[in-house]
Amino acid sequence: MTIQIESITVNDYKVHDQLPEMVGKTVTFDISINNLVTGSELQQEVILCEVSVRLIEAESGLELVTFKSNNFYNVPGLTAVLISYPDDSVKIPEEIIEVIARVSIGNVRGILFERLSTTILNKMLLPVIEYGDLTVSIPTDQ
């Protein structure tokens, strides 16, 4: 099965104005991934992977960076591999979700690297995340 990136949009990107004061501080990452599919997107065989990232100063909890992107994927043949349930919900095979999650995190890693390149966080890279460490939500709307 082929999975094609249809588009990537950055919906939110903010850098806190106190960023220069954070030299030498410990920064943690908060990463959230949601795969969203509606009835119309299923008919078009499109999956939306929404990725949100927050960089947080560990001691104070101050949000240094917030970032959110929508990664749209065209998955020809998706409807043929869906598992349907009596309540009209569907399950997308985990192999597809895993590929989309890995590619989406890679996309975000690159975009954030470029966006933070002129800040004191220019050496901060999103960590490599194993798929098994993710909790993926796939709500379906008819």
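The values are calculated or read from the model by the stated rules, or taken from the named source; none is laboratory data. Just so it is clear, the model here is predicted, and its values are computed rather than measured. Cβ atoms come from the backbone with ideal geometry, glycine included; neighbour counts cover every protein chain shown.
When residues in region 91-112 are screened for being modelled with pLDDT of 85 or more, among the charged types (D, E, K, R) and farther than 27 Å from residue 15 by Cα, 3 of them pass. Listed conditions (1) more than 30 Å from residue 89 (Cα to Cα); (2) part of a helix (DSSP H, G or I); (3) in contact with a helix residue (DSSP H, G or I) (Cβ under 8 Å, 6 or more places away or on another chain) are all met by residue 43, apart from (1). If you filter region 113-130 down to residues that are among the hydrophobic types (A, V, I, L, M, F, W, C) and closer than 21 Å to residue 32 by Cα, you find that the one that is modelled with the lowest pLDDT is 129.
Taking region 56-78 as the search range and keeping residues that are closer than 30 Å to residue 19 by Cβ and among the hydroxyl-bearing types (Ser, Thr, Tyr), which one is surrounded by the most Cβ atoms within 10 Å (Cβ to Cβ)? If you could, list the steps in order and put the result at the bottom.
First, the residues of region 56-78 that are closer than 30 Å to residue 19 by Cβ: 56-71.
Still in the running and among the hydroxyl-bearing types (Ser, Thr, Tyr): 60, 66, 69.
On the way: 60: 11, 66: 16, 69: 20.
Within region 56-78, the match that is surrounded by the most Cβ atoms within 10 Å (Cβ to Cβ) is 69.
Each row is one residue, and each column tells you yes or no for (1) in contact (Cβ under 8 Å) with a residue 60 or more places away in the chain; (2) surrounded by fewer than 16 Cβ atoms within 10 Å (Cβ to Cβ); (3) among the β-branched types (Val, Ile, Thr); (4) under 28 Å from residue 124 (Cα atoms).
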{"position": "24", "(1), (2), (3), (4)": "no, yes, no, yes"}
{"position": "37", "(1), (2), (3), (4)": "yes, no, yes, no"}
{"position": "47", "(1), (2), (3), (4)": "no, no, yes, no"}
{"position": "53", "(1), (2), (3), (4)": "yes, no, yes, yes"}
{"position": "86", "(1), (2), (3), (4)": "no, yes, no, no"}
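Scanning region 1-33 for residues that are outside any loop (DSSP other than H, G, I, E, B) and of a type in the set (Gly, Ala, Ser) gives 7, 32.
When region 69-109 is filtered for residues that are in contact with a Cys (Cβ under 7 Å, 6 or more places away or on another chain) and of a type outside the set (Ser, Thr, Tyr), the ones remaining, listed by number, are 71, 100, 101. Only one of the listed residues (105, 97) is touching a residue at least 60 places away in the same chain (Cβ under 8 Å), within 12 Å of the chain's Cα centre (by Cα), surrounded by 11 or more Cβ atoms within 10 Å (Cβ to Cβ) and closer than 25 Å to residue 116 by Cβ. That residue is 105.
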